[in-house]
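The values are calculated or read from the model by the stated rules, or taken from the named source; none is laboratory data. A quick note: this is a predicted structure, and the numbers were derived from the prediction, not measured. Cβ placement follows ideal geometry from the backbone for every residue including glycine, while neighbour counts extend to all protein chains displayed.
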Amino acid sequence: MSHVPSRRRGFVLGALAALGVLLFCLPLAGLVARAPWRELGSQLASSAVHDAMRLSLVSSVSALVVAVVLGLPIAVWLANGRSALRTAVRIVVMLPIVLPPVVAGIALLLAFGRSGLLGGWLEQTFGVSLPFTTLATVVAAAYMGMPFFVLSAEAGLRSFDRRHLDVAATLGAGPLRRFVTVTLPLVLPSLRIGALLCWARALGEFCATQVFAGNLAGTTRTMPLACGIAMEVDPNLAIVLSMILAMVSVAVLFLLRHGLQVPR
């Protein structure tokens, strides 16, 4: 009889867990069940899909490059000490993770728009106008995706055994050589994970891109934006684009779980 309460608790926990799993499975099941399988080939061959895929790849890969070039120095600086300034910078860098994307888009527009803090100067000095251009999709994607790279890179830099650097220093390696030949190889798994998360976030960016870059076919309409437009005019196309993005997401999770593990 003493086992009855524990069995009841187990049943309740199992039922709640099953409901939670169902919450995640049902939307995917609905997507697969409503997919226009007979029209899949023609939908994938359409120019709208090709343009959206091209723009998504260009913006997400470019955003990843920006995130690595700018984010790695930030991560190195954040990992090499603790101070109030570093804490403040970390909060600012991580803010896009929790910031509502529409707020991020408005903030980008107010910073880089023609009347923005920097946008007016860029246009007057260099003739560069960012909003509603393909470059704007890159900026928005980098802004939303870079925190994931910085977070992962900083975690790797903080956790690796720094005694390797001491050994390299005793052998005569300078700071730059130690960083390139010792630090980077040791934290490479963290960098790969951060890069993959950053790219996935950049690929799926929607709201900030729409506000800052607009939704112009062939110029700024990435796959998520194309999904939003297609839901109003061509639901089957929206389902096809959603399935592509869902499969990419599954592939990302698979790589995070199996493909990027450190070999022992």
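Numerical summary
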item: Hey, T222 surrounded by 20 or more Cβ atoms within 10 Å (Cβ to Cβ) and within 24 Å of V69 (Cβ to Cβ) or not; result: yes
item: Region 95-133, residues that are within 27 Å of S152 (Cβ to Cβ) and surrounded by 15 or more Cβ atoms within 10 Å (Cβ to Cβ); result: P96, L99, P101, A104, G105, A107, L108, A111, F112
item: Every residue from region 4-42 that is part of a helix (DSSP H, G or I) and under 13 Å from L241 (Cα atoms); result: L31, V32, W37, E39, L40, G41, S42
item: Helices (runs of 4 or more DSSP H) fully within region 137-236 counting 2 or more residues that are without any contact (Cβ under 8 Å) to a residue 24 or more places away in the chain; result: 163-170, 175-178, 184-203, 223-233
item: Enumeration of residues in region 230-240 that are closer than 17 Å to L31 by Cα and either modelled with pLDDT of 90 or more or more than 22 Å from the chain's Cα centre (by Cα) (or both); result: A230, M231, E232, D234, P235, N236, L237
item: So S2, is it modelled with pLDDT under 90 and small (G, A, S); result: yes
